[in-house]
Amino acid sequence: MTAFAWRLTEAGRTPEPGPPPLAGTGSTARRMLVVAVIVALTLVGAGGFAAAGSTAAVFAERPDGCDRPDRSITLYAVELPRDGNQIRLGYGRTPETASYPGPTMEMTEGECLAITLHNQVPAATLEQLRTEPTHPLGVSLHVHGVKYTQLSDGTAQSYSYVPPGQSRTYTWYAQKRDRTTGSPGTAGYWWYHDHVVGGPHGTQGLGAGLFGGLVVRRPGDQRPDRTYTTVFGDRQSINLRRGADTDTCDHDNPQPGPTCVVAKKGERVEFIVVGIGNDMHTFHLHGHSWADTRTGLVTGTNAQADQVPIIDNKTLGPGDSFGVQVVAGDSVGPGHWMLHCHMQFHSDAGMSTLMHVLDEDGKMPPGGGHDHTAAKGAAAPPGAGTAARADDAGTHQHK
């Protein structure tokens, strides 16, 4: 990417491309500072932290409190097999394990995490998703909930994205709660996603599958046996899928994953629930309930616990996220427990899956067949095709 400066003009006028202003003008210092920032950020966008030294005086590489990363991980953005005509992208700890949702990230308050993202999505694919011919080609990581600086914002306007074939390191800091300052900390259930593919808000990246869950724990938090990320989106989709495609568990050998929610009776199951797109949804799990708290668990004295509502249905808006923990089959036993949006026309259209609770021997209980044939035709939007097709679940992002 070529670095170029901007000439500041009189107030109210649009900046125009051009060389830096000559020394001796009335606002030389201010103008030169802006020129330095733009040039430096452009270089950063083109090559990671190659120009970190020139930008350190303007934007910090790491948030306050993060002296150096406690852990470093590698993440890949790749193109996955298409779902019909729908382009599918995913994040993965390796290119071969990329999926949508991407891998669940886990942090503890006080921890600083460095994530190096490698962009292996072909430029031609990114061009297909681009909505404006001048928008840059690249992918990014934008995270909710935790702390980061401009250099890790994951946006085009801050040049913190990754062009095709390149890599970039993002730094996330799970700030601790501080009762002396009133800082609430960052413990909670969050998510991360692309903010660049297609346009300045990454709408096409989200629609293609570039998103994943993040949980930030406090020391002493109860840890689950299994964690699942369920992303509710437009066109009545769960993880960009509808109908029979939401649940592909093999009855004889169920393998946990984005389309197979399975647990043994008595295991603690955690859900990271995320809303994307434009619609409101409700998350409802049959046979199980939880406390309406940060973790879904009740702590504290009996008097405090009495003030906490116990629920089995929670409203979810676009961009919202929350988490719950339940004990699989607690008092209700093994079975195939429905997990769905309780907006009736959403569930009728195929926005429903199952949590399979195995018996004490790890065997799948009988039954569990879930024929969504009726939902495939009647409730699909005009021209959308069958409800089981995942391209319906994502095309709202491209129209």
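Simple spin-label estimate for R226 and A305 gives 2.6 nm between the two label positions (7 Å along the Cα-to-Cβ direction from each Cα). Taking a sphere under 11 Å around the Cβ of G287 and counting the other residues whose Cβ falls inside, with K and R at +1 and D and E at -1, yields a net charge of -2.
Compute, for K314, the solvent-accessible surface of its heavy atoms (probe 1.4 Å) with the complete set of protein chains present, and express it in square angstrom to the nearest 10. Per-residue accessible area (K314): approximately 50 Å². Residue ranges 118-130, 250-262, 196-208 sort as 196-208, 118-130, 250-262 when ordered by packing (mean number of other C-beta atoms within 10 Å per residue, highest first).
For the listed peptides 187-193, 165-171, 81-87, a ranking on the average number of other beta carbons within 10 Å per residue, highest first, reads 187-193, 165-171, 81-87. Sequentially through segment 232-238, phi angles give Karplus couplings (6.51, -1.76, 1.60; θ = phi - 60°) of 8, x, 5, 6, 6, 10, 10 Hz, Gly and Pro residues having no value and appearing as x.
For segment 119-240, the per residue solvent-accessible surface stands at 35 Å², with DNA, RNA and ligands left out and a 1.4 Å probe. Per-residue extension of 0.36 nm, minus the Cα-Cα distance of Q344 and T180, leaves a gain of 54.4 nm for this segment.
Surface composition of segment 121-222: carbon plus sulfur atoms hold 48% of the accessible area, using a 1.4 angstrom probe and ignoring ligands, DNA and RNA. Amide H to amide H, with H built 1.01 Å from N, D279 comes under 5 Å of D234, counting only residues 5 or more places away or on other chains. Per-residue surface analysis assigns D225 an accessible area of about 100 Å², computed on protein heavy atoms at 1.4 Å probe radius.
Note on S352: accessible area approximately 10 square angstrom, rounded to 10, probe 1.4 Å, nucleic acids and ligands left out.
Electrostatic tally near T104: other residues with Cβ closer than 14 Å to its Cβ, Lys and Arg +1, Asp and Glu -1, net +1.
Of the peptides 298-306, 277-285, 329-337, the ranking by mean beta-carbon count within 10 Å, highest at the top, reads 277-285, 329-337, 298-306. Cα centroid separation, segment 257-282 to segment 161-218: 19 Å.
Under 5 Å from the amide H of M338 lie the amide H atoms of H286, M355, each residue being 5 or more positions distant or on a separate chain, with H modelled from the backbone and absent for Pro and chain starts. A simple spin-label model places the labels of T74 and Q157 3.4 nm from each other, with each point 7 Å out along Cα-to-Cβ. The phi-based Karplus calculation (6.51 cos²θ - 1.76 cosθ + 1.60; θ = phi - 60°) puts the 3J(HN,Hα) values of segment 218-228 at 9, x, x, 4, 5, 9, x, 7, 9, 10, 10 Hz, whole numbers, x for Gly and Pro. Other residues within the sphere of radius under 15 Å centred on the Cβ of T181, judged by their own Cβ, net out at +1 (K and R +1, D and E -1). Close amide H contacts of T108 (hydrogens built in the peptide plane, cut-off under 5 Å, sequence separation of 5 or more or a different chain): R217.
Computed from phi, the 3J(HN,Hα) profile of segment 318-328 under the Karplus parametrisation 6.51, -1.76, 1.60 (θ = phi - 60°) reads x, x, 6, 8, 7, x, 9, 10, 9, 9, 4 Hz, with x in place of Gly and Pro. The largest accessible area among R218, R242, R294 belongs to the first residue in R294, R218, R242, and the rest follow in falling order (1.4 Å probe, all chains).
In terms of accessible area, using a 1.4 Å probe and ignoring ligands and nucleic acids, F59, F271 rank largest first as F59, F271. Across the protein chains, with a 1.4 Å probe defining accessible surface, the residues Y76, Y173 rank Y76, Y173 from largest area downward. Grab the beta carbon distance between H286 and H144, set R0 = 25 Å, and tell me the FRET efficiency rounded to 0.05. About 0.30, to the nearest 0.05.
The values are calculated or read from the model by the stated rules, or taken from the named source; none is laboratory data. Quick caveat: nothing in here was measured; it's all calculated off a predicted structure. In this analysis, Cβ positions are derived from the backbone assuming ideal geometry, glycine residues included, and neighbour counts consider all displayed protein chains. For accessibility, only protein heavy atoms count, side chains too; no ligands or nucleic acids. Shrake-Rupley method; radii C 1.70, N 1.55, O 1.52, S 1.80 Å.
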